[in-house]
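S.K.: One structure, as structure tokens, below. Some questions next.
The values are calculated or read from the model by the stated rules, or taken from the named source; none is laboratory data. No experiment lies behind these values; they were computed from the predicted model shown. Please note: Cβ atoms are built from the backbone with ideal geometry, for glycine as well, and neighbour counts cover all protein chains shown. Accessible surface areas use protein heavy atoms only, side chains included; no ligands, DNA or RNA. Shrake-Rupley method; radii C 1.70, N 1.55, O 1.52, S 1.80 Å.
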Amino acid sequence: MGLFHSTGVDHQTVRTRAQTDRDYAFLSIFQDIEQRYRDHLTQTKTIDFNDMINDARAAIQSGAYQSRFRFIIVDEFQDISQQRLDFLLDLRAQVAHAKLFVVGDDWQAIYRFTGSDIKIITNLETYVGSTARVDLDTTFRYPQELLDASAIFITANDAQITKELRAHGGAAGEPPFVLIHQADTTPEAMTTALDRAIEDIRCKLDGRHGHILILGRYKRLEPCDLAQRVTSLKQYGITIAYQTMHSAKGKEADFVILVGLKDGSFPSTISDDPVLRMVLPSQESYLFAEERRLWYVAITRTRNCNYLIMPSSRVSSFLREMSTSQYAQYLTTLVQPPRHMVCPMCAEDTMILRHEGQSRSWRCVAVGCAGQRHLCRACSQGAMVPYAAPEPAVRCSDCGTIQSVCPRCHTGLVVELKGKYGIFRGCSNWSGNAGCTFTAPRLACA
């Protein structure tokens, strides 16, 4: 409804954009609902925001209003829609030699879903006539290293306007991105990763007050223990808050922590309902163009550096891109990635040593895979991998300990167990009357 009104078009025009039976079915329902909405506004003598623009345009075009403005100044112009631009041009046309002055950054155009059209700012002369461009080429928030790295990332899409920028404060002399590898997919691992980031930030603040902003693609990514963190950090003069990347536009913080950097979540692969193409600006040809700009907005909220929490699986394509050699000088690692091994089930390099409470185990973190290997009982670190021997056996990847594979179930290992009558050797899957019941003679003492 809002997008339909913001375009300023009628039902017949929108119907010409329909392509499928679903489109036509939707419009037949929508037309009746929209008419009832109009009747309600008339009966209650109320007006909505888009009607303010449309009615203002009608007043200008009919001569009911005569502009006196010689200079029209617009901020955040990258968020302009066609409807709002037409309103500005109507005002300009009423005064001889009136000037339109706009300020905007196409690198931060992230509101197409509200009707904004980035093509207006990137192809401004097409819409408003002859223009003169002046670049605001100095940033006062963050250091040169972050400016350089973010510029490389955003201009990978050559449809973005190229700019030569400099940081007023110069270079900081340290990488603007700090990578923290999350141990596994559990909530506890996420909490530990956040702890490490905040601990490092406290060290950098060195007793000074500061503000930490945690950013995620969606509201649901807010840490469940945020309230406790707010309280615990207050004693150090540190404030911490969570915001979505969209809502953080225009905000800044001393340090930023990015969470939820999984493929499918960010860049988001959730598509708009197809019917919206009838009222939204045309989609850009560059893959994830607007999501790329949203990443740029997120990483430029900090005055110092960003902490990127890297999930143990399904890593965001943006994060993988920034982990390449092109960005090596801009990236440092605070928490190293967990060791990976090839999974015996899916054959992918996705098996890690997972910590679950007091226990540990080698498990695959690939979605839908239940692959696992035995943890070495000797060193409690390595994984037991197949080993060539006269009888089926496995060997620890770390300490080299060799153990026989159970000849009965072929999944357990022959180990020493404690039973009702003392120590005996049997299958590691043995558990009384359940599981494998294989037993073996105890080894003779040397």
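S.K.: Looking at Tyr330, Tyr307, which is the one that is open to solvent by less than 30 Å² (accessible area, probe 1.4 Å) and over 24 Å from Thr192 (Cβ atoms)?
M.R.: Result: Tyr330 is the single residue among Tyr330, Tyr307 that is open to solvent by less than 30 Å² (accessible area, probe 1.4 Å) and over 24 Å from Thr192 (Cβ atoms).
S.K.: Name the single residue, out of those in segment 387-415 being modelled with pLDDT under 85 and over 46 Å from the mean Cα position of the chain (by Cα), that is least open to solvent (accessible area, probe 1.4 Å).
M.R.: Ala389
S.K.: May I ask you to list the residues in segment 99-121 that are within 27 Å of Trp295 (Cβ to Cβ) and either loosely packed, with under 15 Cβ neighbours inside 10 Å or over 32 Å from the mean Cα position of the chain (by Cα) (or both)?
M.R.: Within segment 99-121, the first condition is being within 27 Å of Trp295 (Cβ to Cβ), and the residues that meet it are 102-121.
Val103, Phe113, Thr114 - these are the residues of segment 99-121 that are within 27 Å of Trp295 (Cβ to Cβ) and either loosely packed, with under 15 Cβ neighbours inside 10 Å or over 32 Å from the mean Cα position of the chain (by Cα) (or both).
S.K.: Something else now. For Arg133, indicate whether it is touching a residue at least 12 places away in the same chain (Cβ under 8 Å) and either surrounded by fewer than 14 Cβ atoms within 10 Å (Cβ to Cβ) or under 21 Å from Trp295 (Cα atoms) (or both).
M.R.: Criteria not met by Arg133.
S.K.: Scan segment 343-364 and tell me whether some residue there is within 30 Å of Leu205 (Cβ to Cβ), touching a residue at least 12 places away in the same chain (Cβ under 8 Å) and either among the polar types (S, T, N, Q) or in a strand (DSSP E or B) (or both).
M.R.: yes
S.K.: Still on this model: Could you tell me how many of the residues in segment 139-174 are more than 29 Å from Leu287 (Cα to Cα) and surrounded by fewer than 15 Cβ atoms within 10 Å (Cβ to Cβ)?
M.R.: 7
S.K.: OK, next. Can you tell me which residues in segment 199-250 are among the β-branched types (Val, Ile, Thr) and under 13 Å from the mean Cα position of the chain (by Cα)?
M.R.: Ile214, Thr244
S.K.: Condition (residue is within 18 Å of the chain's Cα centre (by Cα), outside any helix (DSSP H, G or I) and under 20 Å from Ile240 (Cβ atoms)) applied to segment 322-331: is it met by at least one residue?
M.R.: No; the residues of segment 322-331 include none that is within 18 Å of the chain's Cα centre (by Cα), outside any helix (DSSP H, G or I) and under 20 Å from Ile240 (Cβ atoms).
S.K.: What is the number of the single condition among (1) under 25 Å from His181 (Cα atoms); (2) among the β-branched types (Val, Ile, Thr); (3) part of a strand (DSSP E or B) that Val367 does not meet?
M.R.: (3) is the only condition that Val367 fails.
S.K.: Related question: Answer yes or no as to whether Arg208 is more than 24 Å from Lys249 (Cβ to Cβ) and surrounded by fewer than 14 Cβ atoms within 10 Å (Cβ to Cβ).
M.R.: The answer is yes for Arg208.
S.K.: Let me ask something else. Can you report the number of residues in segment 38-69 which are within 17 Å of Gly8 (Cα to Cα) and open to solvent by 70 Å² or more (accessible area, probe 1.4 Å)?
M.R.: 7
S.K.: Of all residues being over 14 Å from Tyr127 (Cα atoms) and open to solvent by 50 Å² or more (accessible area, probe 1.4 Å) in segment 70-98, which is nearest to the chain's Cα centre (by Cα)? Just the residue, please.
M.R.: Glu76
S.K.: Examine segment 175-182 for a residue that is surrounded by 17 or more Cβ atoms within 10 Å (Cβ to Cβ) and of a type in the set (S, T, N, Q), and state whether such a residue exists. Can you show your working first?
M.R.: Pass one, segment 175-182, residues surrounded by 17 or more Cβ atoms within 10 Å (Cβ to Cβ): 175-182.
With the extra rule that they be of a type in the set (S, T, N, Q), the set shrinks to 182.
Yes - at least one qualifying residue is present in segment 175-182.
S.K.: Right, next: Scanning segment 275-301 for residues that are assigned to a helix (DSSP H, G or I), at pLDDT below 95 and not β-branched (Val, Ile, Thr), which turns out surrounded by the most Cβ atoms within 10 Å (Cβ to Cβ)?
M.R.: Met278
S.K.: Could you tell me which residue of segment 310-327 is farthest from Glu252 (Cα to Cα), considering only residues that are open to solvent by less than 30 Å² (accessible area, probe 1.4 Å) and touching a Pro at 6+ places or on another chain (Cβ under 8 Å)?
M.R.: Of segment 310-327, the ones open to solvent by less than 30 Å² (accessible area, probe 1.4 Å) are 310-313, 315-316, 318-319, 322, 327.
From what's left, touching a Pro at 6+ places or on another chain (Cβ under 8 Å): 310, 312, 316, 318.
Working: Met310: 22, Ser312: 28, Ser316: 23, Phe318: 21 Å.
Among those residues, the one meeting the criterion is Ser312.
S.K.: Select the strands (runs of 3 or more DSSP E) contained entirely in segment 170-274, then report the ones holding at least 3 residues which are of a type in the set (Val, Ile, Thr).
M.R.: So the answer is 238-244.
S.K.: State which residue is farthest from the chain's Cα centre (by Cα) when the search covers only segment 357-381 and only residues that are open to solvent by less than 50 Å² (accessible area, probe 1.4 Å) and farther than 19 Å from Asn429 by Cα.
M.R.: Going through the qualifying residues, I end up with Cys379.
S.K.: Starting from segment 219-236, keep only residues that are within 17 Å of Ala189 (Cα to Cα), then list their pairs with residues that are at pLDDT below 95 and among the aliphatic types (A, V, I, L, M) whose Cβ atoms are within a distance under 9 Å, requiring at least 6 positions of separation or different chains.
M.R.: Going by the 9 Å Cβ cut-off, the qualifying pairs are Pro223/Met190.
S.K.: Further question on the same structure: Name every residue in segment 217-264 that is under 19 Å from Asn306 (Cα atoms), touching a Phe, Trp or Tyr at 6+ places or on another chain (Cβ under 9 Å) and either open to solvent by 60 Å² or more (accessible area, probe 1.4 Å) or among the polar types (S, T, N, Q) (or both), in order of residue number.
M.R.: Glu222, Thr244, Glu252
S.K.: Going through Ile198, Ile154 one at a time, which residue ends up being in contact (Cβ under 8 Å) with a residue 12 or more places away in the chain and touching a Phe, Trp or Tyr at 6+ places or on another chain (Cβ under 7 Å)? Break it down into steps so the answer makes sense when it comes.
M.R.: Working: Ile198 fails: touching a Phe, Trp or Tyr at 6+ places or on another chain (Cβ under 7 Å).
Being in contact (Cβ under 8 Å) with a residue 12 or more places away in the chain and touching a Phe, Trp or Tyr at 6+ places or on another chain (Cβ under 7 Å) holds for just one of Ile198, Ile154, which is Ile154.
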